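S.K.: Next up is a structure, given as structure tokens.
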Amino acid sequence: MLELKDVSFTIRKDGEEVPLVDRVSIRVPKGHFMAIVGPSGCGKTTLLKTIAGLNPESGGALFWDERNLSEDGDFSPSEIGYVPQFSIAYEPLTVDESVEAATRLRVRCRDTVELDNRIDRVLEETGLSPISDRQVKVLSGGQKRRLGLAMELVSDPKILLCDEVTSGLDPRSEREIVRLLHDLSRKDGRIVLSVTHSLSHLELYDSILVLHEGRLAFHGPPEQLTHYFSVPDTEEVYPRLATQPSERWHASWQKHSVSYQKMLERNRERLVASGVLQIPAAELAPPAAKGAKAGDTPATPTAPGAPETLRLPGFVSQFATLLSRRWRIFFRDRGQVFLQLAILICFPLLVILFSDKASEPIRRYSDTRQGNIAAEIQEQQSVRSDQAKVGSAVSGIIMFQVVLLSLMGSNNSAREIAGERPIYEKEKFGGLRPSAYLASKVAFLACLVITQSLWMAFFVNLFGAFRGDFIQHAGFLLLVNAAMTAICLAISALMRTAEQASLLSIYLVGFQLPLSGAVLALPEKVEVFTRPFISAYWGWSGSVEALQTQVHDAVKAVIDTGLSAQNGCLFALSAHIAVALIAAWAGACRPHWD
Ligand SMILES: Nc1ncnc2c1ncn2[C@@H]1O[C@H](COP(=O)(O)OP(=O)(O)O)[C@@H](O)[C@H]1O
Ligand SMILES: [Mg+2]
């Protein structure tokens, strides 16, 4: 039994408490199929989220069997399924792959046989078996809704909450989905609550809850709806609601609620007696027989109906599932693969192209060998004129590499979390650990960062004009790319939308060059405050320090900005990465439902 007792959800607006859901009280027995209807904006989604535990109730209490959800903790992830209004799966995956990933993330299976059985059963139940190898992007609206349901059914939830899963469908698909939800409520005593704006097919539900401006206006059998509102047709219910303020509807409902509750109970007894509704025997005993009234605090913590022990998969299992899914999505998206390859090949080529003119003076300058003092003086005089040219060219080439790698970093991760936030939130609600999620992102991005940075360093060292320690140079390029990737990942985890995250990341990269001091020096008073935060400066400075002595001195001779010791650069970039990952972690843990 699900019971809501005077449940309210209020928000603060202009310093005032505004109730979005106001003192809703209902009782929903096992195996019940209920519609939540009402005009747009009346609080249906808010009520559903309050039941799911996504909106903490501001008043009243929710009970699940004898458990007080407000005090004893919310539903466990496997007990509840929530299909949000715009449920989305990854477009490049197939139906089968989507359901498999959902199962692997939510249910700890003993072996692949159990896993396959579970997937097959859910596909069968939702009628998706014949199209299991189809990609999500080619599914029709109705098929997508079925997939959304299938992905929730993998854990056999005892309560299934659906938000507008029929909206935007043609009448036939709508009826099929309502029929499917009806059938799902007839198994294992599952409660199905379905929010819908539509007033069609109401006869398939066991009860209809009408919400008006956040208040309960009616909760009774579908055949009583028109009678209660004194209208000839269900379509007239919404216009009728608008004729009175919601307080009036709520007050009159409170007078009649008991008799309608009795009707619902009689209907249910009939369904059980005729065998249409199959409820496990333990669930059928009236609450009094269990020694407790619904709503009472249980005498023992292991009351009947306490969450069953469907265990969540471990960290490693969730991590492996997410990582392999990420690579699969990456390789299915041709555009993304092409872009990554283009960046990987073209950016180092750009560096070579820009350093072409300077390569001869750099070679001459750096190959100066000091034989005897007289020869050295002569040689140094001949190359002195090259010094300024070489110093600024080498510094510029290194900064160019650093900026290009920063750009790659932002391209790597700016949309990584923000672009899939609704899916991630749904999976987190279903038991996905934020730690496993973030670890899978770090592992995926680390592969990109290592490939990009090492290839850049290798290519430029092979064909370009870098004169210095390869390992140190490559190390700093890797660190600066990793720092920008981590920072943009944090932005992606903290921003509301992918567009915001992309924009902010691009600005961040754009400001790296002027604030680095490699081109123009800032006033010292300002520099003290900006420098610690500019990854590009530390990557550039560290790489310059890795140059062979003469070239290094040439750079120092032309640059006003002070250089930092290699250890300092290493520390600063490591700190950037660490802080960014902590921020990304905080962003990933924070609930971000729209
Ligand atoms: N977190 C929130 N903050 C402010 N207003 C909200 C919030 N959530 C919902 N609302 C407002 O509450 C009302 C009910 O929203 P909702 O439950 O989504 O309606 P429905 O699903 O019935 O269309 C709407 O006017 C909506 O704008
Ligand atoms: Mg809604």
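Here, each number is a calculation from the coordinates, and none is a lab measurement. Since the structure is predicted, the reported quantities are computational estimates derived from the model, not experimental observations. Cβ sites come from the backbone with ideal geometry, for glycine too, and all protein chains shown count toward neighbours.
S.K.: Measuring from label point to label point, each 7 Å out along Cα→Cβ, what is the S274 to E360 span in nm?
M.R.: Here the answer is 9.6 nm between the modelled labels.
S.K.: Right, something else. Per-residue counts of other Cβ atoms within 10 Å, averaged by peptide: what ranking do you get for 159-169, 487-497, 220-230, highest first?
M.R.: By packing density, highest mean first, the sequence is 487-497, 159-169, 220-230.
S.K.: Fewest first, what order do E152, E499 take by the number of other Cβ atoms within 10 Å?
M.R.: Exposure proxy ranking, most exposed first: E499, E152.
S.K.: Now for a different question. Starting from 0.36 nm per residue, how many nanometres of slack lie between A388 and S198 once their C-alpha separation is accounted for? Intermediate values should be presented prior to the final figure.
M.R.: Working: separation 190, 0.36 × 190 = 68.40 nm, distance 7.54 nm.
That works out to 60.9 nm of additional length.
S.K.: In the chain, with Lys and Arg counted as +1 and Asp and Glu as -1 at Cβ, which of these residues, F400, G475, N68, has the Cα nearest the positive end of the dipole, that is, farthest along it?
M.R.: Among F400, G475, N68, the one farthest towards the positive end of the dipole of the chain is G475.
S.K.: Under 5 Å between amide H atoms, partner at least 5 residues away or on a different chain: which partners does G59 have, H built in plane at 1.01 Å?
M.R.: S8
S.K.: What ranking of E176, E416, E269 emerges when the number of other C-beta atoms within 10 Å of each C-beta is taken as an exposure proxy, fewest first?
M.R.: E269, E176, E416
S.K.: When we measure straight from the Cα of K255, which lysines land under 17 angstrom away, once same-chain ones fewer than 8 places off are left out?
M.R.: Correct list for K255: K5.
S.K.: Which value results for Rg/Rh of the chain when Rg is the Cα radius of gyration and Rh the Kirkwood radius based on the inverse mean 1/r? Don't skip to the answer; put the middle values down first.
M.R.: Values: Rg = 31.8 Å, Rh = 28.0 Å.
Rg/Rh for the chain comes to 1.14.
S.K.: Per 0.36 nm of contour for each residue apart, how much would the distance between S129 and Q244 grow if the chain were fully extended, relative to their Cα-Cα spacing?
M.R.: This chain segment gains 36.6 nm when fully extended.
S.K.: Counting pairs of alpha carbon atoms under 8 Å apart in space and at least six apart in sequence, what relative contact order in percent does the chain give? Walk me through the numbers on the way to the answer.
M.R.: Values: 959 pairs, mean separation 86.3, N = 594.
It rounds to 15 percent for the chain.
S.K.: Now for a different question. Taking 2.2 N^0.38 Å as the expected size of a compact globular protein, what ratio does the Cα radius of gyration of segment 315-589 give against it, to two decimals?
M.R.: 1.12
S.K.: For segment 397-499, take N as its residue count and report Rg(C-alpha) divided by 2.2 N^0.38 Å.
M.R.: Cα Rg divided by the expected 2.2 N^0.38 Å: 1.25.
S.K.: Something else now. What are the residues whose amide H is under 5 Å from the amide H of K158, where those residues sit 5 or more places off or on another chain and H is modelled from the backbone?
M.R.: For K158, the qualifying residues are I80.
S.K.: Continuing with this model, one more query. Only bridges whose two residues both fall in the chain count here: according to DSSP, what percent of them are antiparallel, nearest 5?
M.R.: 55
S.K.: Could you name the lysines in cross-link range of K357, using Cα to Cα under 28 Å and dropping any fewer than eight places away on the same chain?
M.R.: The qualifying lysines are K389, K556.
S.K.: For segment 315-589, what is the relative contact order in percent, using Cα pairs closer than 8 Å and at least 6 residues apart in sequence?
M.R.: 27
S.K.: Moving to a separate point now. Hydropathy at least -0.5 by Kyte-Doolittle, axial extent at least 20 angstrom from the Cα trace: which helices of the chain, defined as entire DSSP H runs, fit?
M.R.: Span-like helices, by this rule, are 315-332, 334-366, 373-413, 434-463, 470-494, 498-516, 566-589.
S.K.: Given H placed on each backbone N at 1.01 Å, which residues far from L20 in sequence or on other chains put an amide H within less than 5 Å of it?
M.R.: Here F9, T10, I11 satisfy the definition.
S.K.: Over 18 Å between Cα atoms, which of K49/K426; K44/K137; K49/K428 qualify?
M.R.: Where the Cα-Cα span goes over 18 Å, the pairs concerned are K44/K137.
S.K.: Whole-Hz ³J(HN,Hα) for each residue in segment 201-211, computed from phi via Karplus 6.51 cos²θ - 1.76 cosθ + 1.60 with θ = phi - 60°, x for glycine and proline: what do you get?
M.R.: 6, 5, 5, 7, 8, 7, 8, 10, 10, 9, 10
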